[in-house]
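Novice: Sharing a structure, written as structure tokens. Questions coming.
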Amino acid sequence: MKKKLGYLLVITLLAVMILSACGGGGNNTASGNNTAVDDNMAVDDDMANEVTLVIGHTISQSGNYEANSGKQFRGFDLWMEDVNNAGGVVLTDGTVIKFTSVSYDDESSSDRVQELYTRLATEDEVDVLISPYSSGLTKSAGVIAEQYGKIMIAAGAASDSNMNLGFTRVYQLYTPSSRYLNGAVDLLQVNAPEVTKVAFVYENDQFAIDVVNVASSYAESLGYEVVLNEGYDSDTADFVPFINKIVDAGAEAVLGGGHTTDGQTFARQFYEKGVDIGFFALLVAPPEPEFAELGEAALGVVGPSQWEPLASFSQESAEAAGFSWIGPGSQEFTSSYESKYSEVPSYHAAGGYAAGLMLQQAIVDADSADPEAINSALENQEVMTFFGYFKFDTSAEWHGLQIGHSMVYVQWQEDDGGELIKEMVWPAEGASAPLLYPIP
């Protein structure tokens, strides 16, 4: 009997030891399984609460728009990196929105843009679109965005005419082209009231044509005689015939241009011809930091800019005006961009970053990743960033037209040591230096 009891005791002890090695008795085992399930559920919940929005766009890696397009999307990529590294956009229900992108080379071609934005909308099924650089390419992309019901931030396109096509989901970042050179005319009138004859020579591009149509009419309304109004092909490399026409017409001031490459060539040849003109304003090219590489040919040239590092928009100024504020200040953005890309940011780069902020603020306001909610938030958006203030026209005729942002005007001057520097010369209340007139 004692022997049997001994066997039973040994068996019982072995059973207890085996159960202990397996994680305890029945209740403890259930508790352990529940803990494992809870951990898995927590991971699943985290995954379910993180949403990745896919942003589609094209970039001009070749062709006329290569330089400015590259800068635009370097700025945009920096925004995406910054917002993702900061933890994304957190909604009130705890959902975290992060971002990724799909992009293709449009080769500065409208036909390629239509093909590729169709691919982005249908095959890639992106959630939001960013426009290519330039008004002409953006027009093509906007048609596709509207066709497939995709929100598109028009990041590098200023033409008014793009926003008069019945779009309902395209939102313009830049000050419209109708207001691009008007400020230069005002600058001329204030600083050189004796000037009466002006010439407009510009690229035969949708953007430049829109700008000059308005600016030339504005100049005439102020009493100026427009002695020359002529366009040149986008691939023009010889501006001497146009410069000769400017001289023959007796112009005292010249306004026009188009984009970076043609603007630089125009300015260089204008200087080489030794034209005696006191005021010279070009689109797009002068605000670019590399414009200074022209040396003496850059001196005195004026250009409209969507943004400059000297701009002083801040959270304090936004609050004083009653606007929402989002993103870094100008100096913080400038420092971050220079650190990443080893170049001074132009307004094209700043605009790319600001396009991301515009979308980010719309998601915050919508408190949702739903495209319809984001679209509604954009329609009602009033926000200030380091790039400036944004607000959109919501009428059926001009839906998405930018009506909040304003231009500034820069001029290349020399500092005390004879080095070329860029100064803000208009509007007067924000000027960092008076206008250099006439051009030396």
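Novice: What's the local net charge at Glu115, with K and R +1, D and E -1, over the other residues with C-beta under 14 Å away?
Specialist: Around Glu115, the surrounding residues sum to -4.
Novice: Take every Cα-Cα distance within the chain, group them into 10 Å bins from 0 onward, and report for each bin the whole-number percent of pairs it holds.
Specialist: 4, 20, 27, 20, 11, 5, 3, 3, 3, 2, 1, 1, 0, 0
Novice: I'd like the distance separating the alpha-carbon centroids of the range 104-161 and the range 247-287, in whole Å.
Specialist: Cα centroid to Cα centroid, the span is 32 Å.
Novice: What ranking do 330-341, 62-73, 412-423 get when scored by the average of other Cβ atoms within 10 Å per residue, highest first?
Specialist: Going from most to least packed, we get 62-73, 330-341, 412-423.
Novice: Are there DSSP H segments in the chain that both extend 20 Å or more along their axis (alpha-carbon positions) and score a mean Kyte-Doolittle hydropathy of at least -0.5? List them, or say none.
Specialist: In the chain, the long hydrophobic H runs are 2-21, 206-221, 347-366.
Novice: Kirkwood hydrodynamic radius of the range 236-335 from all distinct Cα pairs, in Å?
Specialist: Radius from the Kirkwood sum: 15.6 Å.
Novice: Sticking with this one: Grab the DSSP H runs of the chain that are 4 residues or longer, score each as -39,500 (n - 2.57), total them, divide by all residues and round the 222 nm result to the nearest 500 deg cm²/dmol.
Specialist: Result for the chain, helices only: -13500 deg cm²/dmol.
Novice: If you take every DSSP beta bridge whose two residues both sit in the chain, what share of them, in percent to the nearest 5, is antiparallel?
Specialist: Of those bridges, close to 30 percent are antiparallel.
Novice: State, as an integer percentage, the relative contact order of the range 153-265 based on alpha-carbon contacts under 8 Å between residues 6 or more apart.
Specialist: Here the relative contact order equals 29 percent.
Novice: Give me the number: length gained by fully extending Glu125 to Asn164, i.e. 0.36 nm times residue separation minus the C-alpha to C-alpha distance, one decimal in nm.
Specialist: Residue separation times 0.36 nm, minus the Cα-Cα distance, leaves 11.4 nm.
Novice: Please report, to two decimal places, log10 I(q)/I(0) for the range 325-440 at q = 0.14 Å⁻¹ as given by the Debye formula with identical point scatterers on the Cα atoms and no solvent.
Specialist: For the range 325-440 at q = 0.14 Å⁻¹, log10 I(q)/I(0) is -0.75.
Novice: Assuming R0 = 41 Å, can you tell me the calculated FRET efficiency for the pair Gln189 and Val90, based on Cβ-Cβ distance, to the nearest 0.05?
Specialist: Efficiency, rounded to the nearest 0.05: 0.25.
Novice: Hey, another quick one. Would you kindly compute the Cα radius of gyration of the range 283-359 and its largest Cα-Cα separation (Dmax), both in Å?
Specialist: When restricted to the Cα atoms of the range 283-359, Rg and Dmax are 14.2, 44 Å.
Novice: With each label point set 7 Å from Cα along the Cα-Cβ vector, what nm distance links Ser339 and Ala321?
Specialist: The two pseudo-label positions are separated by 2.7 nm.
Novice: Return the subset of Lys273/Lys422; Lys71/Lys197; Lys98/Lys340; Lys139/Lys391 for which the Cα-Cα distance in this structure is over 25 Å, preserving the input order.
Specialist: From the list (Lys273/Lys422; Lys71/Lys197; Lys98/Lys340; Lys139/Lys391), the Cα-Cα distance tops 25 Å for Lys71/Lys197.
Novice: What's the exposure ranking of His348, His399, His259, going from fewest to most Cβ atoms within 10 Å?
Specialist: Result, fewest neighbours first: His399, His259, His348.
Novice: Under a Cβ-Cβ cut-off of 13 Å, what is the net charge of the residues other than Asp82 that fall near it, where Lys and Arg count +1 and Asp and Glu count -1?
Specialist: 0
Novice: In Å, what is the Rg of the alpha-carbon atoms in the range 149-191, and how long is Dmax?
Specialist: 13.8, 48
Novice: Could you list Ser324, Ser217, Ser108 in order of exposure, starting from the residue whose Cβ has the fewest other Cβ atoms within 10 Å?
Specialist: The most exposed by this proxy come first: Ser217, Ser324, Ser108.
Novice: Still on this structure: Can you give the local net charge around Ser376? Use residues other than it whose beta-carbon is closer than 13 angstrom to its beta-carbon, Lys and Arg +1, Asp and Glu -1.
Specialist: It works out to a net charge of -4.
Every number here is computed from the coordinates shown, using simple stated rules; none is lab data. Everything numeric here is computed off the predicted structure, so don't read it as measured data. Heads up, the Cβs are rebuilt from the backbone with ideal geometry, glycines too, and the neighbour counts pull from every protein chain shown.
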